[in-house]
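There's a structure below that I have some questions on.
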Amino acid sequence: METPLQQQRKVCSDIGSELIAALLRTTWASWQVQAHEREERIDELVRPLANGRAIE
């Protein structure tokens, strides 16, 4: 049987793991959004070249 201190450490460890996982998920989502925005911007710049027009 675990002592109260061991139980507290386990709870804190579990909470810490959940916080780290949440941070990684939000960071990954942010990176995905930024990558999508960069791709859209590149498309805006490249599309006129592909159509034979100069970039305005």
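The values are calculated or read from the model by the stated rules, or taken from the named source; none is laboratory data. For clarity, every value in this text was computed on a predicted model and none was experimentally measured. Every residue, glycine among them, receives a Cβ derived from its backbone with ideal geometry; neighbour counts consider all protein chains shown.
Every residue, every condition in (1) of a type in the set (S, T, N, Q); (2) surrounded by 10 or more Cβ atoms within 10 Å (Cβ to Cβ); (3) at pLDDT below 95; (4) at positive phi, yes or no:
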site: LEU5; (1), (2), (3), (4): no, no, yes, no
site: ILE20; (1), (2), (3), (4): no, yes, no, no
site: LEU23; (1), (2), (3), (4): no, yes, no, no
site: GLN34; (1), (2), (3), (4): yes, yes, no, no
site: GLU44; (1), (2), (3), (4): no, yes, yes, no
site: PRO48; (1), (2), (3), (4): no, yes, yes, no
site: ASN51; (1), (2), (3), (4): yes, no, yes, no
site: ALA54; (1), (2), (3), (4): no, no, yes, no
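What number of residues in region 10-39 are of a type outside the set (A, V, I, L, M) and over 18 Å from the mean Cα position of the chain (by Cα)? Spell out how you get there, then give the answer.
Restricting attention to region 10-39, the residues satisfying the condition of being of a type outside the set (A, V, I, L, M) are 10, 12-14, 16-18, 25-28, 30-32, 34, 36-39.
Filter again for over 18 Å from the mean Cα position of the chain (by Cα), leaving 10, 12-14, 16.
Residues that pass the stated criteria total 5.
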